[in-house]
Amino acid sequence: MTVLTFTLILFVGAFCAGLVGSLTGLGGGVIIIPLLTVILGVDLHYAIGTALVSVIATSSGSAAAYVKEGITNMRLGMFLEIATTIGAIVGALLSAIAPSSYIAILFGFVLMFNSINSLRKKEEHPVVQSSPLAIKLKLPSSYPSKNGPIAYGTKNVMGGFSMMGLAGVLSGLLGIGSGAFKVIAMDNIMKIPFKVSTTTSNFMMGVTATASAVIYLQKGYIEPAICMPVLIGVLLGAMAGARILIRSNPKALRLFFALVILLLAFNMIYNGFKGNI
């Protein structure tokens, strides 16, 4: 494979990753890592380093648009970033001693869990009442819709905060931005509407991924020749995804989210057990 072909495949794959990451809150790593490891034969640790760069690009490309539209809950995101950043540093340190095949298998099972959980989710009904701690922290807010602003409350603040710590560890260990777990923490545990949890996840991912990326950079696992086409492709895809999400249907997004992740989960588990990664 020539350098030009390799770069073009990376760019197209990265654009799709950015689009999916922006629409689902995943960060793009769930496509970048299988693309690099399974199709292009790149070492998993370099793939994770590249995926973290793509996560930062996805967050940068879509977060600004979501904040401008008033969907993102910035106060909630800044509060939960405390847990994800600490977890991300721990996960990045663990990645140095964990075998690549084990990381790949864990990657697959994490994605499978989140895919199944997303399929089981029913139609959302925003919670208006909030827990005392959520009120004290001023986390309840509203988001715009065709029929005007929709108010929502926040529950189980510490449960969501704890899940965010786990999301941070998985981000540093797997390079996926842990957007899936962040969305679950906000959507299922804290009862935040799906659009708000997705956009707030995008807002948070850049900070979480940066904490992990610094450690990967120090270990030499971030290769500029691989990262550059991925960075450009993901950024363009994320910007396109941000425009689509604003006018999208949450139920359709959830189904799309589940099917894409389930397919990639089986792929990574298979290759992890076969020792191909």
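List of remarks:
- Distance between modelled label sites at LEU137 and ILE39, nm, 7 Å Cα→Cβ extension: 3.9
- Contact order for the chain, expressed relative to its length and based on alpha carbon pairs under 8 Å spaced 6+ residues apart, stands at 39 percent.
- Residue-span extension gain [THR2 to LEU94] - 0.36 nm each, minus C-alpha spacing: 29.7 nm
- For the stretch 184-193, Karplus couplings with θ = phi - 60° (6.51, -1.76, 1.60), whole Hz, Gly/Pro x: 5, 4, 7, 6, 8, 8, 8, 6, 7, x
- Each peptide among 77-87, 37-47 gets the average number of other Cβ atoms lying within 10 Å of its residues, and from highest to lowest they stand as 77-87, 37-47.
- Among the listed values [x] 57, 47, 27; [y] 55, 34, 32; [z] 56, 50, 34, the one matching Cα extents along the principal axes in Å as calculated from this structure is [y].
- Helix runs (DSSP H) in the chain reaching 20 Å along axis by Cα, Kyte-Doolittle at least 1.0: 3-24, 74-95, 100-120, 157-174, 224-246, 250-274
- Amide H contacts of ILE150: TYR143, SER145, each under 5 Å away and 5 or more positions distant or on a separate chain (H built 1.01 Å from N in the peptide plane; Pro and chain starts excluded).
Readers should treat all values here as calculations from the given coordinates under stated rules, not as data from a laboratory. Source: prediction; values computed, not measured. All Cβ positions, even for glycine, are placed from backbone atoms using ideal geometry, and neighbour counts span all protein chains on display.
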